[in-house]
Every structure is written in structure tokens, then in C-alpha cells.
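The structure appears below as C-alpha cells.
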Amino acid sequence: MSDAYHVLWVDDEIEMLRSHHIFLERKGYRVSTATNGDDAIALVKANPYDLILLDEMMPGKDGLTTLNEIKKIHRYLPVVMVTKSETEDLMEQAIGKQIDGYLIKPVHPIQILSICKQLLECSNIREKQLSPEYVRQFNEISEQLTAGDMDHSDWIELFQRLIRWELELEAISAKGLLETHLDLKRECNQIFCTYIRKKYPLWMRGIHPPMLSPDIFQRIARPHLERNKKVFFILIDCMRLDQWMGIESLIAQNFHIQKDFYYSILPTATPYSRNAIFSGLFPDQIARHHKKYWKERPFEEASRNRFEGKLLKAQAIRLGFADPNKTRYFKVNTREDSLNFHKKLDACQNQQLVALVVNFLDILTHGRSESPILRDLAPNESGFRDLMKSWFQRSALPELFQRLAKSGFVIVIASDHGAMMCNRSTKVVGDRETSSNLRYKYGVNLQCDEKWAIRITRPEMYRLPADYLNKNYLIATNDCYFVYPTNFHRYQRHYAGSFQHGGVSMEEMILPAITLTSRS
């Protein structure tokens, strides 16, 4: 409520502003006054205020000096400078001292009310205004889901809407609406899984598919290469669409951004989806045409991603979209790797196509399952987004983008798969040769509750290798994860709330493919 907010107005001609004070008080604000900087500082030390309106030109301590003293007492107390001066230098000084607003005299009462509301009541006002709009869109989405005639582009648009609302509601701390929204998102994911059960086998037969993992280079990078543009491809492993939306504004100042979207193949896991991107092939084709690069051993899944550079060159030769001799591939796992790569960047200027895999997010996703500290830092999806943004800002990537903005490269950013926060366990039965991933399994005679998984008994229908008799796959749906009956409750507790990938969800499958061209 606005009547809880206490404003201190500091001005040596305070009696001339009496009508403004009365106007604010009628709007529910408490207003106290001071006529000089020393009195203002003493009042700030003695009383809690929500906002300071501070005259810039006063006898004794001027506004900027008083501002310095106030910030020493309460660093985050909002202060609005009110001044007769229109000089740019003064404005820059005030901004440099972390001023929260700037008004030029004479001020109208509505201006004062507006800035008070902006600084003190913004979240409450936004929530009040957003509530009826959210209810309207909630009903629209519910009707759309009920109609049941959505195609893959509709799901991409719906997922974007859901993320935008989630970020908006988080920004204003609208907890009640946010809980309702997360329930809606879970319902959408459940229906999305039903959609994928039905449509994915058809996509694998070429029936109205969306852009999929193997299409990325041909459909996103190739057109630029054919126009004699150099392409710098950056794959941020395990980056979700909502995480990209969290860092997009950090990149936009230097680039024009074009957004495309694609679906990760199944399983939404690095050995399958990332190899599909770099090879331009489905897993069964990789296993058939590049046997030495594809060995599907249950406990050696990471080893299948050692050959991405070779697969990329093979794709360049097969499709003719780049000179394989002017195609380079790099992978970074640590900040030290990133810094070392920066030293190699100048040597890439003569290349047609440079590909860089940044592995941090995938490492973070797996590490969070084992680290209580990381779980505390990212207890939910919102925390995971914040952690990703914090990592990005402190990584070597912002500097890389700044250098690339001046390099003549067209930059393409993509992810290979996302991750799902898993809260529901389901038992799975398999032999000791069954793969270890929590969101997908392959082996012989696998059994689970098929309500929570897609059971694939004919791998070829999903473009997966069928390289031994009776091989089958299980792909988890919704927010489920697989647990063996042995020590079931122990592993159920251990992995509850962890982020996993390999299964079917909007978060894992619907991904951004971003093209950046320099504004300069």
C-alpha cells in the first residue's frame, strides 16, 4: 500500500512546494521535509525513509555532496535529484553517483507522483495491471490445448509465451500468479509429450518435420557461406531457451539478432543431439556411415563426442557448404580453455567456418546433482537461469562477442539440448549392460511404467541404431527420471529436483538457433 511509503523532501525553498506535499499526502504518501543537507543527513540517520527527493542547489552542502553522505548511510535508498540546471555535466555526475531519478524544475505534482510510483510501487502496479491480461492469456492457452490441433510451430510459439510470462511474473514477484503459471506449464508439457509420441515417428519419415538437429548447419549456416560470408558457430551445450532469453539483452547492443528455432532429436542427450548437429545426420546414419566415430557403449557415452570436428568436416565435404580445409573446430571446458582460445582467434580470420563448443552448462547441470552448494545456488529453474546469466557475464564469452563484432564473421549460436528439472521417479528394470542415463535408457528387454516413458522397440523408426538383436530404448517424458528397484528410495531422494536431459519436454526439445550480425 502507498500509505506505507515515507518520502523525505529536501529543498531550501520547501514552503513554496507545500501544494506538492499536500498532493502526495492525498495520494497516501507520508511526506517529511528538510531545508538543507545537514538536516537531511541527520534525519536519514534517525529515520527509515523509502525515497528522498533532493534539491541540487542549496546553501551549505549542495545536492551532490548531500547525496554522497546519504549513500554512505543507506547505499540502496532511492534518491531523486530535483534541479534547475539542465547541464549535461551535472546529469552525468548525478548518474555516476547512482541517482535513481532526475527532474528539472519547475516540477508538476504529477511528475513527482509518477516517479514515486515508478520507484516504490512499480511491482504492485504491474501485478495489478498484468493480472487480467494473464487470466485472458491463460484462458487462450487452455482453449488452444483443448482444441488439440497444434503443429510444431504452434508449440514453439506457445513455449515462448510461457517463458515470457514466467520471466515477467518473476520480475514482479507475483507469487500467486507464478504458481498458477507453473501449473499451466506442467499441463502444457504433459500434452506436448503426447504430441511428440504421435508426431516424432512421422518426422523421422520426413512427414512435415520441423527443423531438427541434423538440419542446423545446412539451414542456418550454409546460406551465409554461400554468400561468401564467414561463419562462427558457437554451441553452448545444454542451453535452454529461457536461459538464452535471460542473456539476450547482454548481447543485443552490439548485434542485430535473428531468432530461429528447432527441435532436438531424441534422446535429447549430447552423444545423439550434438553429433547429429555436427554430422548433419541422424544417429542411425552416423553409426552406419561413420562406424569409427560411433560406438554405443553404455558407460562410455562421453567418448562419442570426441569426433565432432571430424564429423563437421565430413558434413562440409558431403554437402559442399564449406571448404573442409578452411573449417576449424574447438572445444572449451574451463575458463583457462576459453582464455587460451582467445589467443588462437586471430589465426581463425582466414577460415570459412569456425565451430566452438562451450561445455560449461552441461558440466554445471551434472555437477548440480552431486553438489549441495550448487543446489543451494540454483534451487529451481529461476535460480538455474540466474546462475547461467552470472556465469555468462563472468565468462570469456562477452569479450569473444566483442571481438567477433569487428571480425566480419556472421555468428550462429545454438544449443544441442536443454535440461528438465525432474521431480517424479519411475522404476525401470534392465540388465547390467543397460545405459546409465536417468532420462533415457537403451538395452535389452527394458521395462517401466509406459505412462511416463516412450518405449521404443523398433529403433529404426526413431532413426536410432538397431545394432543388436532386441535392442530397445526408453525415453522419459514430463519431469520423470528412471530409478532401478535396487536402493530405489535412496536414488529417488538423491536425484529428486535435479536437472537432467535425454527425455521429452519443451525445455529439452525446443531450442534457439540465433544468428548475430554486427551493428557496425
Given Cβ charges of +1 for Lys and Arg and -1 for Asp and Glu, the option among 42, 5, 23 whose Cα lies farthest towards the positive end of the dipole of the stretch 2-120 is 5
With 0.36 nm assigned to each residue of separation and the Cα-Cα distance removed, residue 250 to residue 105 gains 48.7 nm
By Cβ neighbour count within 10 Å, fewest first, 58, 509, 211 rank 211, 58, 509
Most exposed first, judged by fewest Cβ atoms within 10 angstrom, 486, 434 run 486, 434
For residue 128, counting only lysines whose alpha-carbon sits under 17 Å away and dropping same-chain residues fewer than eight positions off, the answer is 117, 175
Treating only Lys and Arg (+1) and Asp and Glu (-1) as charged, each at its beta carbon, one finds that the chain has a dipole about its Cα centre, in Debye to the nearest 20, of 2740
Each label sits 7 Å from Cα toward the beta-carbon; between residue 125 and residue 146 the label points are separated, in nm, by 3.6
Note, residue 342: beta-carbon cut-off 12 Å, +1 each Lys/Arg, -1 each Asp/Glu, net 0
Chymotrypsin sites (Phe, Trp or Tyr not before Pro) in the stretch 415-520 lying in a DSSP loop, each with at most 14 other Cβ atoms within 10 Å of its Cβ, come to 468
Over the stretch 74-217, the quotient of the Cα radius of gyration and 2.2 N^0.38 Å is 1.63
Expressed in angstrom and rounded, the centroid-to-centroid distance over alpha carbons for the stretch 322-395 and the stretch 446-465 is 32
Restricted to the chain, the DSSP antiparallel beta bridge percent, nearest 5, is 40
Rg (one decimal) and Dmax (whole number) from the Cα set of the chain, in Å, equal 28.2, 91
Relative to the chain, whose Cα atoms define the longest principal axis, helix 241-252 and its Cα axis are tilted in degrees, nearest 10, by 60
The FRET efficiency for residue 349 and residue 467, from their Cβ-Cβ distance with R0 = 41 Å and rounded to 0.05, is 0.45
The residues 122, 238, 188, sorted from fewest to most surrounding Cβ atoms within 10 Å, come out as 122, 188, 238
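Just so you know, all these numbers are worked out from the coordinates, no wet-lab data involved. Treat the numbers as computed from the prediction; the structure is a model and nothing was measured. Because the Cβ atoms are built from the backbone with ideal geometry, glycine has one as well, and the counts that use them run over all protein chains shown.
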